[in-house]
Amino acid sequence: MQASGCSIVFFLIFSSALVSFSFALSDAEASYIASRQLLTLPENGELPNNYEYEVQVKMIFANRRLRRAYIALQALKHSIFSDPLNTTGNWDGPDVCNYTGVFCAQALDDSSLSVVAGLDLNHADLAGFLPVEIGLMTDLALIHINSNRFCGILPKSLSKLVLLHELDVSNNRFVGPFPEVVVGIPNLRYLDIRYNDFEGSLPPQLFDKELDAFPSPPMPAFVLPPNIGFQYASPPPPMFPGYN
């Protein structure tokens, strides 16, 4: 693919160093949270296509997509073990567009529908993991959860977020090999996974995508492919024309 024109500000500044949190997790606590995530994952790690119909919700929503978002957000809330700022304190009821950190916009394919298009939980000091149900929010254009205490892995269900434009999971406690699920997100233009505990090789196809990569000093936790290079910054997602 051509790298010019379409941009992503993709930060490849990887480090296993931890940032300072007000309620820093011990290694034992991080391992416990990661183990709890593994217990919730389906056998193949994928979100079943009919999963939303397996969840009973006795509420009325303006449209099916908001119901799906409710299921995902409730799963995320129940995957959080510590919320010292009470960020998710108002995550109750069907009005998901008024949840703290949740942003709605018109659906790209149907302007009559309001959908959850953004999740911004930066600097909330949340400790927990990302549940597989996050893949139900298929209208998401951005996920910002930097500077928290999320642990475990990035779930495979992120691949269902085909409209996702920005993903910032930096400054957390995510582990494992490079999360290759991000390579398959077709509209991703901004990726920041710095300051986690990822390790291993970077997939070469990552740098064949239409994205801008700022090369970083080689980090011992990663093996860099030969096709690493620069690209240029892209415009914000269409759902957020004034977003900075």
**OP:** Count, please, the residues in segment 75-106 that happen to be surrounded by fewer than 19 Cβ atoms within 10 Å (Cβ to Cβ) and assigned to a helix (DSSP H, G or I).
**Re:** 4
Original post:
Going through segment 32-51 one residue at a time, which ones are free of Cβ contacts under 8 Å to residues at least 40 places away in the same chain, surrounded by 11 or more Cβ atoms within 10 Å (Cβ to Cβ) and under 15 Å from PHE81 (Cβ atoms)?
Top reply: TYR32, SER35
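Residue-by-condition table, conditions (1) in contact with a Gly (Cβ under 9 Å, 6 or more places away or on another chain); (2) touching a residue at least 40 places away in the same chain (Cβ under 8 Å):
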residue	(1), (2)
GLU133	no, yes
LEU140	yes, no
SER157	yes, yes
PHE174	yes, no
LEU191	no, yes
Original post:
Quick check: is even one residue across segment 73-86 in contact (Cβ under 8 Å) with a residue 12 or more places away in the chain and more than 30 Å from ALA30 (Cβ to Cβ)?
Top reply: no
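Among strands (runs of 3 or more DSSP E) lying entirely in segment 134-202, which contain 1 or more residues that are among the aliphatic types (A, V, I, L, M), farther than 20 Å from SER35 by Cα and out of contact with any Lys or Arg (no Cβ under 6 Å at 6 or more places or on another chain)?
Working: elements: 142-144, 149-152, 166-168, 173-177, 190-192, 197-201.
Filter on segment 134-202 gives 142-144, 166-168, 190-192.
When you scan segment 20-29, do you find a residue that is in contact with a strand residue (DSSP E or B) (Cβ under 8 Å, 6 or more places away or on another chain) and modelled with pLDDT under 85, even just one? Show your work before the answer.
Going through segment 20-29, the residues in contact with a strand residue (DSSP E or B) (Cβ under 8 Å, 6 or more places away or on another chain) turn out to be 21, 23-25, 29.
Filter again for modelled with pLDDT under 85, leaving 21, 23.
Within segment 20-29, one or more residues are in contact with a strand residue (DSSP E or B) (Cβ under 8 Å, 6 or more places away or on another chain) and modelled with pLDDT under 85.
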Subject >> Condition check for VAL115: β-branched (Val, Ile, Thr), under 15 Å from ALA72 (Cβ atoms) and either in contact (Cβ under 8 Å) with a residue 60 or more places away in the chain or in a strand (DSSP E or B) (or both) >> reply: yes
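The values are calculated or read from the model by the stated rules, or taken from the named source; none is laboratory data. Computed from a predicted model, the values in this text were never measured in an experiment. Reconstructed Cβ throughout: ideal geometry from the backbone, glycine too, with neighbour counts over all protein chains shown.
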